[in-house]
Amino acid sequence: MNTTPDYGRAFGLMRAASGDVWRDYTRHAFVEGMKDGTLPREAFLHYLRQDYVFLVHFSRAWALAVVKSETHEEMLLASATVNGLISEEMKLHIGICAEAGISQDDLFTTPERPENLAYTRFVLEAGYSGDLLSLLAALAPCVMGYGEIGARLSNEATSETYRDWINTYAGDDYQGSVRAVGELLDGALTRRLGKGYDQLPRWEGLCRTFSMATQLEVGFWQMGMTP
């Protein structure tokens, strides 16, 4: 069964250009441990705490996408993503951690691991120094990768241990958000570079940004396995 959703043309091209690193990210041992339930709970909670901090910075990066937008539609899509991160995705982390005795205040003050800092600052720097295209190339691996992982694990999971996490990213709300980001990426590229954007020199640089962010995702999973 094909469990790779369609998140737009540009993402498909960037995903293919990233090569093996995309599989390293979406098929990481951490992900496979959630699929079969063998991931230690301590590692999962450690990851969730770091990911909560990550989402704080990720939300700020998406707010930069509003600043970098050139149309009302771009602003709407970017602001909707910010709202989804703050109002919905963070709820998963808060809820699971609360059940484990970790308060929201404790989550917010979680010391940031170097791997986390490297990733979030890479994404923020793409927004500070670049345009919307540079920023979206850095943001896309997280958004689309989690959508792809959630969709696959929804079909393949053999354990209910991490079903709450899987259902969040496989659910209609998140999958709809990912498709909207794919549309934003396609539209932003076409607006700024034209329909043949993937034939221009700029495209190679955007793919390098995408690939680096994907490598940083691999490092994030690896960090999660070493509390």
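The values are calculated or read from the model by the stated rules, or taken from the named source; none is laboratory data. Since this is a predicted model, take the numbers as computed values, not measurements. Methodologically, a virtual Cβ is constructed for each residue, glycine included, from the backbone with ideal geometry; neighbour enumeration extends over all protein chains shown. Ligands, DNA and RNA are excluded from the accessible area calculation, which covers all protein heavy atoms including side chains. Shrake-Rupley method; radii C 1.70, N 1.55, O 1.52, S 1.80 Å.
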Exercise for review: Under 11 Å from the Cβ of ALA157, count the other residues' Cβ atoms, weight Lys and Arg +1, Asp and Glu -1, and hand me the total.
Suggested key: -1
**Study point:** Estimated [θ] at 222 nm from DSSP helical runs (n ≥ 4, -39500 (n - 2.57)) normalised by residues in the chain, nearest 500
**Key:** -25000 deg cm²/dmol
Check your understanding: Percent of accessible area on the chain owned by carbon and sulfur, 1.4 Å probe?
Key -> 52 percent
Exercise for review: Please give the net charge around GLU73, taking every other residue with its beta carbon less than 13 angstrom from that of GLU73, where Lys and Arg add +1 and Asp and Glu add -1.
Suggested key: -3
Revision key, fill the gap. Once SER79 and ASP20 are pulled to full extension, the length gained, defined as 0.36 nm per residue separation minus their Cα-Cα distance, is 18.0 nm
Review point. From a point 7 Å beyond the Cα of ARG27 in the direction of its Cβ, which residues of region 118-142 have a backbone N at a distance under 20 Å?
Key: 141-142
Revision key, fill the gap. Probe 1.4 Å, heavy atoms of protein chains only: per residue, the accessible area of the chain in Å² is 45 Å²
